[in-house]
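Novice: This is the structure I have questions about; it appears just below.
The values are calculated or read from the model by the stated rules, or taken from the named source; none is laboratory data. Remember, predicted model here, so these are calculated numbers, not experimental data. Here Cβ is always computed from backbone atoms with ideal geometry, including for glycine, and neighbour counts include all displayed protein chains.
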Amino acid sequence: MRKLGKKIREFWKWLWYSNSLLSWIVLAILAFLFVKFIFFPFFGFLLKTSMPFVIVESYSMQHCHSIKQNALWHCGFDEYWENYGQWYEERNISKETFKAFGFRNGLDAGDIAVLRGKKEYEIGDIIVFIGEKKPIIHRIVAKRCNRVCVYETKGDNNYAQLPFEKEINEDQIIGKVIFVIPKLGWIKLFPYKILGLV
């Protein structure tokens, strides 16, 4: 038993203090295994969702991006409403109602959204759902409930809804955004954007 403990200590010392290429590779593999098989499952269980963390990849939730096509430029809420508000007002979502929504200033590409699974969602919630075979992060703009609820969403930065988001079933929804870590997702997202993969 002592020999095993000594071996583990030696391995740990080598892993953290050696500057060899092999130690870096082993450390990267162990970090990947920890995140995939311990970190994500733990938070998935805690937050009741299969996907507890999502990187916002597109600009569909970034307010006013369509106006200037600039990822670094943001407009204030009043300017956003001036350009996009008519669509909501035609659907009985007033400016004051929208102001009361969570994350009323949208989400930026590169943000990490923390999700929680729920049984029911409300108008104004930002959700992640499976649409056209990939996860989409948009805001609920309508809800119809009979025996089950059906939702409609729209990206805050989109001028209209996409066809597939006019009828979203509960089993398509992965979770609701409850917290955002700004910009940290660019660490992973940047290479994909450069290569045109997202």
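Novice: Take the stretch 44-63 and flag every residue that is small (G, A, S) and either without any contact (Cβ under 8 Å) to a residue 40 or more places away in the chain or closer than 16 Å to R116 by Cβ (or both).
Specialist: Passing the criteria: G44, S50.
Novice: Related question: Within the group A100, A109, A113, which residue is surrounded by fewer than 14 Cβ atoms within 10 Å (Cβ to Cβ), aliphatic (A, V, I, L, M) and assigned by TED's automatic domain parsing to the domain that holds Y151?
Specialist: A100
Novice: Just give me the residues in the stretch 55-91 being of a type in the set (V, I, T) and within 19 Å of the chain's Cα centre (by Cα), in sequence order. Please lay out each step first, then the result.
Specialist: Quick first cut of the stretch 55-91, residues of a type in the set (V, I, T) only: 55-56, 67.
Selection gives I55, V56.
Novice: Turning to a different aspect of this structure: Only residues that are of a type in the set (K, R) and either under 28 Å from L46 (Cα atoms) or surrounded by 18 or more Cβ atoms within 10 Å (Cβ to Cβ) (or both): list them for the stretch 148-179, please.
Specialist: K154, K176
Novice: Failed condition for D108, given (1) free of Cβ contacts under 8 Å to residues at least 60 places away in the same chain; (2) among the charged types (D, E, K, R); (3) under 24 Å from G185 (Cα atoms), with all others met?
Specialist: For D108, the failing item is (1).
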